[in-house]
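A short worksheet on the structure shown next.
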Amino acid sequence: MLAAIASAAVVGIDAYHVLVEVDVAAGLPQWTIVGLPAGAVKESRERVSAALINSGFQVPPRRITINLAPADTKKEGTAFDLPIAIGILLATGQLREGAAEHIVALGELGLDGSIRPVRGVLPVARLLSRGANGQTLVVPAPNLPEAALVSSLRLSATQTLAELVDALRTERLPSPSAPPLLGGDQADSGADMADVAGQQLAKRALEIAAAGGHAVLMIGPPGAGKTMLARRLPTILPALGEAEALEVVAIHSVAGLVTPGEAPSGKRPFRAPHHTLSAAALIGGGSGPRPGEVSLAHHGVLFLDELQEMPRHVLDSLRQPLEEGRVVISRAARSIAFPARFTLVGAMNPCPCGRAGSSNGMACACSAIDIARHQSRISGPLADRIDMTVRVPAVPLSVLTGSQRAESSSVVRERVEMARARQAVRYKNFATVTCNAHVHGRWLDTHACVDASARELLTTAAIRLHLSARGYHRVLKAARTIADLDADNAVASRHVAEALHYRVDHGA
């Protein structure tokens, strides 16, 4: 007897429909799974068989053929366990025909029949919500908070296979009581800009970066506060919008970073990988492939400490996501694009010993050649994509032990939100542009409202500093953000001058 049940799978962060067909026929007892199953899918035979028997159902000693359509796309993961089990029950008459025609099932089965969480539930929920065909998505109970973020979708969840079969027999699928809210608030992290003593120039640079989505490189000796500053950047960023939050959770769901049973985090991501990471870990990769750090930091902050210690080819892999806001992973069979619109914050020492240019009386022991080699770790094309470079000197003891309280993150965030609101109006007709750093340079050159004196200063500086076309436009973007922070409609010469101040250290 033949049975079919709807399911879904994920490629990249996009879901697609999968039809699970089960045929139980006379012949020698064996299971055959076709439709390009990966190793975990092939192993479902053992999990499903044990789960059915331990749940009180029969597994007939017959030839069972399972097809996962479309058959020309590789299927990975354990989410097909549940639809395969239901398909077998339908094909053997243990469930009436048509009992599962209005459901889409996902879930891994334990040997005891329990339904365990899987990755990628939110992308599947978003796929089904666009179809609006009256289907109910059946997910493992721990995945319910994630799936319920798509409010327009009918959902159901049970703890075990036996519970689900009883619900299908009685046509009473359990429904969630209420959709959960995204968990957490950026302000709840406990970190605050007020914790950082001194470093007014670096704080100003981070405020500009938060307001316009600009990349920042901080250069300073060990212990100056570079990491402390970077970890407080998310506290001055505006809250995620609903669409942004769903994108972030979808990426983290595919990567397995959403904690089952808990409401997904609504905070902007902050990723700080170790400097020994590989290019695949940074950009994404694997046989899947899976999203890398640049995608896990989508709509958030990617902090790369000890930037000069990272291999040059790894750093250069940042060039595409910094320019395009996405990264394309190409394999022989297919290419997958992951979103990667993040704010880059890099930190490095000025020299191998970390004391070059120090004003605290400690002399640098590095030769000029060592310093030049150290600073050359960042290639010219990558440096050209970094909007601002800021020096972070050692904090004087008098400032460190002083009682003066610095400006809090909430105060800075108010200015950032006002600047972002101005940009939202400016880019309301753009589908993917929300910040000055994301817009095409030529468009901004025409629409940035640069006054004559600012234009003359920018042109003169571009000639003297030998700025590339990209460098010219990145200075203009930073100047436009500074003007937005000042609530000015026009970009004045003082805005360009401040933006150029952060550009000089690039050695452009």
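Pairing the Cα long axis of helix 200-212 with the longest principal axis of the chain, what angle in degrees results, from 0 to 90 and rounded to the nearest 10?
Computed tilt is about 50 degrees.
When DSSP assigns beta bridges and you keep just the ones with both residues in region 262-343, what percent turn out antiparallel, to the nearest 5? Please report the intermediate quantities before stating the final value.
Details: 7 of 10 bridges.
Approximately 70 percent, going by the DSSP bridge assignments.
Please name whichever of Leu467, Pro352, Phe80 sits farthest to the positive end of the charge dipole of the chain, dipole taken about the Cα centre and charges placed at Cβ: Lys and Arg +1, Asp and Glu -1.
Of the listed residues, the answer is Leu467.
Could you work out the pair-distance distribution P(r) of region 215-331 from its alpha-carbon pairs, with 10 angstrom bin width and percents rounded to whole numbers?
Per 10 Å bin, starting at zero, the Cα-Cα P(r) for region 215-331 comes out as 12, 42, 36, 10, 0 percent.
Taking the Cα atoms only, what angle lies between the long axis of helix 409-426 and the longest principal axis of the chain, rounded to 10 degrees?
Between the helix axis and the principal axis of the chain, the angle is about 80 degrees.
Could you order the peptides 290-297, 320-327, 202-209 from most to least packed, using the average number of other C-beta atoms within 10 Å per residue? Numbers along the way, then the final one.
Numbers: 290-297: 25.9, 320-327: 18.4, 202-209: 24.1.
Descending mean neighbour count gives 290-297, 202-209, 320-327.
Restricting to the chain, what percent of DSSP beta bridges are antiparallel, rounded to 5?
Values: 27 of 58 bridges.
Counting only bridges with both partners in the chain, antiparallel ones make up about 45 percent.
When ranked by the protection proxy of mean other Cβ atoms within 10 Å per residue, highest first, what sequence do the peptides 300-306, 68-74 form? Intermediate values should be presented prior to the final figure.
On the way: 300-306: 22.6, 68-74: 15.0.
For the peptides 300-306, 68-74, the packing ranking is 300-306, 68-74.
What do you get when you divide the Cα radius of gyration of region 300-366 by 2.2 N^0.38 Å, with N the number of residues? Walk me through the numbers on the way to the answer.
Values: Rg = 17.2 Å, N = 67, 2.2 N^0.38 = 10.9 Å.
Working it through for region 300-366, the quotient is 1.58.
Which three numbers, in whole Å and largest first, are the semi-axes of the equivalent ellipsoid of region 1-114 derived from its Cα gyration tensor as √(5λ)? Don't jump to the answer; show the numbers that get you there.
Details: eigenvalues 85, 43, 41 Å².
For region 1-114, the semi-axes come out at 21, 15, 14 Å.
Working out 0.36 nm times the residue gap between Ser453 and Ala431, then minus their Cα-Cα distance, what length gain in nm do you get to one decimal?
Values: separation 22, 0.36 × 22 = 7.92 nm, distance 3.25 nm.
Difference between extended and current length: 4.7 nm.
Need the full-extension length gain, Ala424 to Asn133, defined as separation in residues times 0.36 nm minus the C-alpha distance. One decimal, nm.
Values: separation 291, 0.36 × 291 = 104.76 nm, distance 3.40 nm.
Using 0.36 nm per residue and subtracting the Cα-Cα distance, I get 101.4 nm.
Quick one: dipole size for region 309-351, taken about the Cα centre, charges +1 on Lys/Arg Cβ and -1 on Asp/Glu Cβ, in debye to the nearest 20. Intermediate results must be reported in sequence, preceding the final value.
Working: 6 positive and 4 negative charges, 48 e Å.
Dipole magnitude for region 309-351 comes out near 220 debye.
Using only alpha carbon pairs under 8 Å that are at least six residues apart, calculate the relative contact order of the chain and give it in whole percent. Before the final figure, lay out each step's value.
Working: 1023 pairs, mean separation 66.5, N = 508.
It comes to 13 percent, rounded to a whole number.
Taking Cα atoms, how many degrees apart are the long axis of helix 161-170 and the longest axis of the chain, rounded to 10 and kept between 0 and 90?
Orientation of helix 161-170: about 60 degrees from the principal axis.
Give me the 1.4 Å probe accessible area per residue for region 45-136, excluding ligands and nucleic acids, in Å². Provide the component values of the computation, followed by the final result.
On the way: 3670 Å² over 92 residues.
Here the per-residue accessible area is 40 Å².
Expressed as a whole number of Å, what is the distance separating the alpha-carbon centroids of region 464-508 and region 236-286?
30 Å
Debye calculation, C-alpha points only, no solvent: report log10 I(q)/I(0) for the chain at q = 0.09, 0.12 Å⁻¹, in the same order as the q values.
Evaluating at q = 0.09, 0.12 Å⁻¹ gives log10 I(q)/I(0) of -0.72, -1.04.
Multiply the residue gap between Ala26 and Thr446 by 0.36 nm, knock off their C-alpha separation, and tell me the result in nm, one decimal place.
Numbers: separation 420, 0.36 × 420 = 151.20 nm, distance 7.31 nm.
Going from the current span to full extension adds 143.9 nm.
May I ask what percent, to the nearest 5, of DSSP beta bridges between residues of region 57-176 are antiparallel? Present the calculation step by step, with values, prior to reporting the outcome.
On the way: 3 of 11 bridges.
Of the beta bridges lying entirely in region 57-176, close to 25 percent run antiparallel.
Scaled to the compact-protein estimate 2.2 N^0.38 Å, what is the alpha-carbon radius of gyration of region 430-470, rounded to two decimal places?
On the way: Rg = 12.1 Å, N = 41, 2.2 N^0.38 = 9.0 Å.
After normalising by residue count via 2.2 N^0.38 Å, the value is 1.34.
The values are calculated or read from the model by the stated rules, or taken from the named source; none is laboratory data. Remember, predicted model here, so these are calculated numbers, not experimental data. Glycine gets a Cβ as well: all are built from the backbone with ideal geometry, and neighbour counts include every protein chain shown. The protein model used for the area step is the full one, side chains on, heavy atoms only, and it has no ligands, DNA or RNA in it. Shrake-Rupley method; radii C 1.70, N 1.55, O 1.52, S 1.80 Å.
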